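Here is the structure we will look at.
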Number of protein chains: 2
Amino acid sequence: MKAVVPPRESPVEIVIAELRQRFGDRLSTGQAVREQHGKGESYHRGPPPDAVFFAETTEEVAEAVKLCAAHKVPVIPFGTGTSLEGHIIALHGGITLDVSRMNKVLRVSVEDLDVTVEAGVTRKQLNDYLRDTGLFFPIDPGADASLGGMAATRASGTNAVRYGTMRENVLSLKVVMADGRIIRTARRARKSSAGYDLTRLFIGSEGTLGVITEVTLRVHGIPEAVRAAVCPFPSIRDAVNTVIQTIQAGVPVARIELLDEVQLDAVNRYSKLNYKIAPTLFLEFHGTERGVEEQVQMVKDFAADHGATDFHWAESLEERNKLWQARHDGYYAALAMRPGSTGWATDVCVPISRLADCLLETKADLEKSTVPAAIVGHVGDGNFHLAFMLDPNKPEEFEEASRINERLVHRALEMDGTSTGEHGVGFGKMDCLIEEHGEGVDVMRTIKRALDPDNIMNPGKMVRV
Amino acid sequence: MKAVVPPRESPVEIVIAELRQRFGDRLSTGQAVREQHGKGESYHRGPPPDAVFFAETTEEVAEAVKLCAAHKVPVIPFGTGTSLEGHIIALHGGITLDVSRMNKVLRVSVEDLDVTVEAGVTRKQLNDYLRDTGLFFPIDPGADASLGGMAATRASGTNAVRYGTMRENVLSLKVVMADGRIIRTARRARKSSAGYDLTRLFIGSEGTLGVITEVTLRVHGIPEAVRAAVCPFPSIRDAVNTVIQTIQAGVPVARIELLDEVQLDAVNRYSKLNYKIAPTLFLEFHGTERGVEEQVQMVKDFAADHGATDFHWAESLEERNKLWQARHDGYYAALAMRPGSTGWATDVCVPISRLADCLLETKADLEKSTVPAAIVGHVGDGNFHLAFMLDPNKPEEFEEASRINERLVHRALEMDGTSTGEHGVGFGKMDCLIEEHGEGVDVMRTIKRALDPDNIMNPGKMVRV
């Protein structure tokens, strides 16, 4: 009697079949869905995943990861798909784990100033939810990203100068490990000396060590007084020196953002504003009425020392929101300057004493180049972004942008800065990581191998295994 | 011909012989030196190391670690020996690596508000060094600990409510790994998304993953205005509720410390003060003149709501220093209440909404006990300490303290707090760590095994391998 030999399926086909049987149409292999999950918001391109699984609970994530682990199939966590260094591209195929349906706010404690959310809750959704509590969550990358994704990339944004980044604002995570185990990295205490800092290990790990499914966050009281302004400067150096003085004087400024004249022009056009076209600071002050008044006076004095006196104040809440929405749309505004262009956003962060040099040397590179690019920065942290607007049909532009980016990273590292302040490594900056950390990358690789021995968690990103 | 067989030496004897040959009397096997390096400031007792090596450079540390690694001999990093959970006891013998002679401040940047120090520099030494720069370093555990040790135990202290702990104030570390490689965990940028957060991994790792040899720290501008006060309350709950209101209102209080009536009495006697014997808050405010005025008014209003109006202000710098020195000497003051006693200091940290409950239930335990104990807390963080004053000749007192401590930890964990806010795990709280983290401890163990496969780095602490 001959045994019936079924046609041999590949490991990923087996996983897809099992997930489909178990979860029905929450497992999708449709081309549009796969492609939508296979690219971020930057120029990186690569293969889409073999399938997308829309998980609804931590336990479902664990089940899917276990199945993938059993068959050594890659798992790519996905929130809103707004990352910038190719984090979610399925370099080795596999299953994308979309957590966007895990979008419940699980708990708010007004007394403890903390909340717990599922990983798919976005930053704007959380703030809408908090509106009536007197609390807010300050971390705001340009996109309305998921909080799981923001933890995974150690995101920050415009408020980081005062409120810190995801590193400082996450109290605890729930994580599905590469073998499907579920752990909670910490309790809700504000501080702890109990063991290795697993919370911080997963923040910024970009899905390469596990899947974040829940996030416990610090939130903050909405300040009694908020004032925002826009102020043009004679030069980038004048603007940056004003920032340095502000930080050194310990003014607890909430936001202090630099737009170069290219970016300012783009923002004007995109958001229908008419600010003077010049290197410009966007500022916001939080505090008590008197405290804000005092902060404003100090910064006005510093700005005047550097030839800037033309503060335009956003008087109403509506005007303030418009100002910051314009700032957040900076990347899209830059792209709109060159219709049909592809964006490439890169960022570095340097000690603030070197910020003006780093910016000006970068501007000099751009002036010698034909590729249009805009600069915008969270300058209170020493962090700035370069957004190239590339003609997708001109590979020489990509090469040129690549050279400028390489020089930028090299420059930042020579100034004892970092190759990325908030965008992360993905696969776009893996070589930069080696230049930055040297032997440290071996230590990272050792950790990766220990926690994900079969290299199924977002393989091909961050460190080469 | 017969081979000459030398007498067989044990691995540690080989290491000692080689270190002595290389470094002369900077390798000590004297009994007094070994014993002085074999105990912390708490009740834990265990064997001293086989030898103590006084390293003077990172390269020397690396050389010693390589030698120990080759012979699988334990390495125990040592700063000032002021830890509280048996961190430095040589449970498995080996070489204690004393870094106290690595005491140079390597670099100060007033512009970037950061400094780099060798691991043996103590917090007071750093602040003395900074005196003329207008900068200060805020983290202040009771002892004048080394900054390497403070990083290794994720220390905090009285200013953490405003300035954060070592977790938030370390920018970068130089670390000698278990195989003797030297890595730098990060650059000096204020934020970075470049790779796994190795800095935070080593902060709080208690010497079990590597030896910290250099620390780059954030420092802060000395505030324009500082005011400090002491205020007694009708009850612990009144004091804690005042703290909760202060934190919720976003008052950026710099210090807000609770002493129960036992601790206050001890401090009075030890530091020759005559505060009213009652649950008492020690407070400090930092800011501009007007900002401090405003903070003071808000906190006075909250305190009045809870029956406390008797603020005693430290008017001069001298008086303020005396106040805080008295607070820092709290542990020694408690021990002095019972001459000849041995101290056992434990700490927990809970979400602030549960702090009053946690404190009061603990007080109730103490009232049923015959072992004297004092409570003092960094209550703005939800963190408090219990210091038992034990008769070393009464083992039943140790047992009783052990029971109370176990209940305390269990209580804190039930409130979603942590088993230690700032003292760390050492070997005193290894079981607590398991109760707190569950599967998370397996993840920690996996990391430990990967980075220290022969278990030579401070073995027997933190996680069992």
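Points worth noting:
- Residue match in segment B:347-366 (condition: surrounded by 24 or more Cβ atoms within 10 Å (Cβ to Cβ), basic (K, R) and touching a residue at least 12 places away in the same chain (Cβ under 8 Å)): no
- When B:S353 is tested against (1) of a type in the set (S, T, Y); (2) away from chain A (no Cβ under 14 Å); (3) in a helix (DSSP H, G or I), only condition (2) is not met.
- Qualifying residue in segment A:162-179 (condition: touching a His at 6+ places or on another chain (Cβ under 6 Å) and modelled with pLDDT of 95 or more): no
- Residue match in segment A:105-128 (condition: within 11 Å of another protein chain (Cβ to nearest Cβ) and within 30 Å of A:L281 (Cα to Cα)): no
- B:R445 vs. criteria modelled with pLDDT of 95 or more, assigned by TED's automatic domain parsing to the domain that holds B:V350 and basic (K, R): no
- Residues considered: B:A55, B:A32. Of these, the only one that is over 23 Å from the mean Cα position of the chain (by Cα) and either closer than 19 Å to B:P459 by Cβ or outside the structural domain of B:I183 (by TED's automatic domain parsing) (or both) is B:A32.
- Taking residues in segment A:9-29 that are without any contact (Cβ under 8 Å) to a residue 24 or more places away in the chain, and partners anywhere that are outside any helix (DSSP H, G or I) and surrounded by fewer than 16 Cβ atoms within 10 Å (Cβ to Cβ), the pairs with Cβ atoms closer than 8 Å and at least 6 places apart or on different chains are A:A17/A:E9.
- Of residues in segment A:170-187 being over 16 Å from B:G438 (Cα atoms) and not in a loop (DSSP other than H, G, I, E, B), the one farthest from the chain's Cα centre (by Cα): A:L171
Residues checked against (1) surrounded by 18 or more Cβ atoms within 10 Å (Cβ to Cβ); (2) away from every other protein chain (no Cβ under 11 Å); (3) acidic (D, E); (4) closer than 23 Å to B:V108 by Cα:
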position: B:G195; (1), (2), (3), (4): yes, no, no, no
position: B:G207; (1), (2), (3), (4): yes, yes, no, no
position: B:V215; (1), (2), (3), (4): yes, yes, no, yes
position: B:V230; (1), (2), (3), (4): yes, yes, no, no
position: B:I256; (1), (2), (3), (4): yes, yes, no, no
position: B:Y275; (1), (2), (3), (4): yes, yes, no, no
position: B:E289; (1), (2), (3), (4): no, no, yes, no
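- Check on B:R167, under 30 Å from B:R320 (Cα atoms), out of contact with any helix residue (DSSP H, G or I) (no Cβ under 6 Å at 6 or more places or on another chain) and either without any contact (Cβ under 8 Å) to a residue 24 or more places away in the chain or in a helix (DSSP H, G or I) (or both): yes
Residue-by-condition table, conditions (1) under 24 Å from A:V379 (Cβ atoms); (2) crowded, with 17+ Cβ neighbours inside 10 Å:
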position	(1), (2)
A:E414	yes, no
A:G421	yes, yes
A:G428	yes, yes
A:H437	no, yes
A:M444	no, yes
A:N458	no, yes
A:R464	no, no
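- Output for segment A:113-125, where each listed residue is outside any loop (DSSP other than H, G, I, E, B) and in contact (Cβ under 8 Å) with a residue 24 or more places away in the chain: A:D114, A:V115, A:T116, A:V117, A:E118, A:T122, A:R123
- Entirely in segment A:1-112, the strands (runs of 3 or more DSSP E) that have 2 or more residues that are in contact with a strand residue (DSSP E or B) (Cβ under 7 Å, 6 or more places away or on another chain) and over 29 Å from A:S419 (Cα atoms): A:51-54, A:105-109
- Against the numbered list (1) farther than 12 Å from A:D347 by Cα; (2) surrounded by fewer than 24 Cβ atoms within 10 Å (Cβ to Cβ); (3) not aliphatic (A, V, I, L, M), A:E406 comes up short only at (1).
- Boolean, B:Q263 is over 30 Å from A:C349 (Cβ atoms), within 12 Å of chain A (Cβ to nearest Cβ) and out of contact with any Ser or Thr (no Cβ under 8 Å at 6 or more places or on another chain): no
- If the condition is being more than 25 Å from B:D431 (Cβ to Cβ) and at the interface with another protein chain (Cβ under 7 Å from one of its Cβ atoms), then segment A:176-188 contributes no residue at all.
- With respect to the conditions (1) in contact with a His (Cβ under 6 Å, 6 or more places away or on another chain); (2) within 14 Å of chain B (Cβ to nearest Cβ), A:V348 lacks only one, and its number is (1).
- Residue in segment B:85-93 that is farther than 30 Å from B:P11 by Cβ and touching a residue at least 24 places away in the same chain (Cβ under 8 Å) present: no
- In segment A:310-322, the count of residues that are more than 21 Å from A:I375 (Cβ to Cβ), within 14 Å of chain B (Cβ to nearest Cβ) and of a type in the set (F, W, Y) is zero.
- Wholly enclosed helices (runs of 4 or more DSSP H) of segment B:375-465 bearing at least 3 residues closer than 20 Å to B:Y43 by Cα, out of contact with any Ser or Thr (no Cβ under 8 Å at 6 or more places or on another chain) and more than 10 Å from chain A (Cβ to nearest Cβ): B:395-414
- For segment A:422-442, a tally of residues being in contact with a strand residue (DSSP E or B) (Cβ under 6 Å, 6 or more places away or on another chain) and without any contact (Cβ under 8 Å) to a residue 24 or more places away in the chain returns 2.
- For B:A155, the conditions (1) more than 23 Å from B:V253 (Cβ to Cβ); (2) modelled with pLDDT of 95 or more; (3) aliphatic (A, V, I, L, M) all hold with the exception of (1).
- Tally, over segment A:309-327, of residues that are part of a helix (DSSP H, G or I) and either in the same structural domain as A:A387 (by TED's automatic domain parsing) or farther than 19 Å from A:V262 by Cβ (or both): 8
- Flag if B:K191 is basic (K, R), facing another protein chain (nearest Cβ under 9 Å) and under 25 Å from the mean Cα position of the chain (by Cα): yes
- Filtered residue count, segment B:241-254, keeping only those that are in contact (Cβ under 8 Å) with a residue 40 or more places away in the chain, out of contact with any Pro (no Cβ under 9 Å at 6 or more places or on another chain) and within 12 Å of chain A (Cβ to nearest Cβ): 8
- Among all residues of segment B:446-464, there is none that is in contact with a Pro (Cβ under 8 Å, 6 or more places away or on another chain), under 21 Å from B:T82 (Cα atoms) and charged (D, E, K, R).
The values are calculated or read from the model by the stated rules, or taken from the named source; none is laboratory data. In this text, all values refer to a predicted model and were calculated from it rather than measured experimentally. Glycine also receives a Cβ, built like all others from the backbone with ideal geometry; neighbour counts cover every protein chain displayed.
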